[in-house]
Amino acid sequence: MSQPTPGAVLTVDLDAVVANWRLIRDRLAPNSRAAAVVKTDAYGLGAAKVAHALARAGCSRFFVATLEEAIALRAAVADIDILVLNGFDHGFAEAYARHRLIPVLNSLDEARRWPGGPAALHVDSGMERLGVTIGEAAQLSGSFAPVLVMSHLACADEPDHPLNRRQLRIFAEARALFAKTEASLAASSGIFLGPEFHADWVRPGAALYGVNPTPGQPNPMRPAVTLEARILQVRHVDQNVTVGYGATHLTSGPARLATVAAGYADGLFRTLGNRGHGHFGDEYVPLVGRISMDLTVFDVSRVRDARLSEGAMLELIGPNISIDRIAAEAGTIGYEILTSLGPRIHRHYVGTP
Ligand SMILES: *Cc1c(COP(=O)(O)O)cnc(C)c1O
């Protein structure tokens, strides 16, 4: 028997991910290199597939959040550096050596417990989330030789924010403490602040997956995903009928409604109820009523395309709807849209094997 048809399909264009990585690499300052951040299963796109494609394109260094993600990535790709952003878990010390993983040490305590071997040091420069202070970094600088000194920007998507310059100055102090060590500051948006932010390594995540790293400006990245949901039913309804839970949408005339097989359990933000939209071919179709757990309804009255019928796919993210657009409609950011896409959504890969 063949597989049951999925309710929703996320198509991941690995060539676009690779093109985005190359676009970043090609704009870096001389001697700066591009790593790739593939935490949270490469923001929902699939870390093993994405890392394979990027490693073939020449990316040699990858960041994940957790030890578990790192172990899974090591099983998928042998000959890459894997750095673990969330730090060193001393209860599992031998796992780092066994899987050749590089922890990012985020505190003095982690640095003191680290048994030795390659490790990165995170120096906080204004995020106040993880990382040693610049004073603690000075204490460590005599005795400890990390393979990378890194910090993280809080406001890189706001180029004029004064914190960017302040963090750059503290980062420069941290580099001076570990003069022979490579250093890294910028993630996706930080790369676009200019070459003085590039240091030895940049750490893009979201931009690789098509999220706009320069909000408010045209998106320099290529779209890398499309999300389509299957139409389960097309209904013809009269004027003055209500749609969905809470009866929050009232038809203003006879209408045609398409119910698709994806809902908030799949990561469609419930805040999109009566606010979001989809596309069928060239036609904009408003999302009507509340989003249910497994179902969402669109008003497709205006669609003339004869292909609109049960079994057809309706676009939720794609050529007509960017990740950033749906995020704005949902009241969130593209990062949360991608990382919320649930396990029921079928991942389909095109491009580089
Ligand atoms: C998530 C993360 C990144 C990647 O950020 P993007 O904005 O997705 O490019 C880089 N560095 C650190 C420390 C992170 O937590």
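In the context of the full protein assembly, Arg275 retains an accessible surface of approximately 130 Å², using a probe radius of 1.4 Å and ignoring ligands and nucleic acids.
Remark: the range 288-298, residue by residue, has Karplus-estimated 3J(HN,Hα) of 10, x, 7, 7, 8, 4, 10, 9, 9, 10, 10 Hz, where x stands for each Gly or Pro and the curve is 6.51 cos²θ - 1.76 cosθ + 1.60 at θ = phi - 60°. In the elastic network of the chain, a GNM with C-alpha springs shorter than 10 Å, the most mobile of Gly210, Gly194, Gly278 is Gly194. A Cβ-based charge dipole, computed about the Cα centre of the chain with Lys and Arg at +1 and Asp and Glu at -1, lands at about 360 debye.
For a Förster distance of 56 Å, can you work out the FRET efficiency between the beta-carbons of Tyr284 and Ala145, rounded to the nearest 0.05?
Working: r = 57 Å, r/R0 = 1.02.
For R0 = 56 Å, the calculated efficiency reads 0.45.
Among beta bridges from DSSP that stay inside the chain, the antiparallel ones total about 50%.
Calculated mean residue ellipticity at 222 nm for the chain: -7000 deg cm²/dmol, from DSSP H runs with n ≥ 4 weighted as -39500 (n - 2.57), summed, divided by the residue count and rounded to 500. Residue-wise HN-Hα couplings along the range 308-318, as the Karplus relation 6.51 cos²θ - 1.76 cosθ + 1.60 with θ = phi - 60° gives them from phi, are 5, 6, 4, x, 6, 9, 10, 6, 10, 9, x Hz; Gly and Pro carry x.
Per the Kirkwood formula applied to alpha carbons, the range 233-353 shows a radius of gyration over Rh ratio, Rg over Rh, of 0.97. Distance between the modelled labels on Ala93 and Ala265, one decimal in nanometres: 4.5 nm (7 Å Cα→Cβ projection).
Please list, in order, the residues from the range 300-322 whose amide nitrogen is less than 12 Å from a point placed 7 Å along the Cα→Cβ vector of Val237. Only 300-301 pass the distance filter. Taking each residue as 0.36 nm, the span from Ala138 to Arg304 lengthens on full extension beyond its C-alpha to C-alpha distance by 53.0 nm. Neighbours of Val64 by Cβ distance under 10 Å: Lys/Arg scored +1, Asp/Glu scored -1, total -1.
Rounded to the nearest 20 debye, the dipole size of the range 174-259 about its Cα centre is 140 debye, using +1 on the Cβ of Lys and Arg and -1 on the Cβ of Asp and Glu. Positive end of the dipole of the chain, charges at C-beta (+1 Lys, Arg; -1 Asp, Glu), about the Cα centre: which of Leu295, Leu121, Ala224 has its Cα farthest in that direction? Going by the Cα projections, it comes out as Ala224. Whenever you get a sec, compute what percent of the accessible area on the range 1-135 sits on carbon and sulfur atoms (1.4 Å probe). Ligands and nucleic acids excluded, carbon and sulfur give 51 percent.
Go through Lys39, Lys49, Lys180 and list them by solvent-accessible area, largest first, probe radius 1.4 Å.
Values: Lys39 65, Lys49 95, Lys180 205 Å².
Ranked list, largest accessible area first: Lys180, Lys49, Lys39.
In the neighborhood of Val147, defined by Cβ-to-Cβ distances under 9 Å, what is the net charge if each Lys or Arg adds +1 and each Asp or Glu adds -1? Around Val147, the charge tally is -2.
Taking amide hydrogens as placed 1.01 Å from N in the peptide plane, the amide H of Gly263 sits under 5 Å from those of Leu268, Leu295, each at least 5 positions away in sequence or on another chain.
Proximity of backbone amide H atoms, modeled 1.01 Å from N, is registered between Val149 and Leu121, Glu182, Ala183, Ser184 at under 5 Å, excluding neighbours fewer than 5 places apart on the same chain.
Of all the accessible heavy-atom surface of the range 165-267, with the other protein chains kept in place and a 1.4 Å probe, what percent is carbon and sulfur?
Numbers: 2300 of 4570 Å².
Roughly 50 percent, rounded to a whole number.
Normalised per residue, the accessible area of the range 92-220 is 45 Å², obtained with a 1.4 Å probe and no contribution from ligands, DNA or RNA.
Could you order peptides 9-22, 311-324 by the average number of other Cβ atoms within 10 Å of their residues, highest first?
9-22, 311-324
Extension gain for Leu130 to Tyr349 (0.36 nm times residue separation, less C-alpha to C-alpha distance): 75.4 nm.
Return the inverse of the average 1/r over all pairs of distinct C-alpha atoms in the chain, which is the Kirkwood hydrodynamic radius, in Å to one decimal.
Every distinct Cα pair counted, the radius reaches 22.0 Å.
The values are calculated or read from the model by the stated rules, or taken from the named source; none is laboratory data. As the structure is a prediction and not an experimental result, all values here were calculated from the model. When we count neighbours, we look across all protein chains shown, and the Cβ atoms used for this are built from the backbone with ideal geometry, even at glycine. Calculation scope for accessible area: heavy atoms of the full protein, side chains included, ligands and nucleic acids excluded. Shrake-Rupley method; radii C 1.70, N 1.55, O 1.52, S 1.80 Å.
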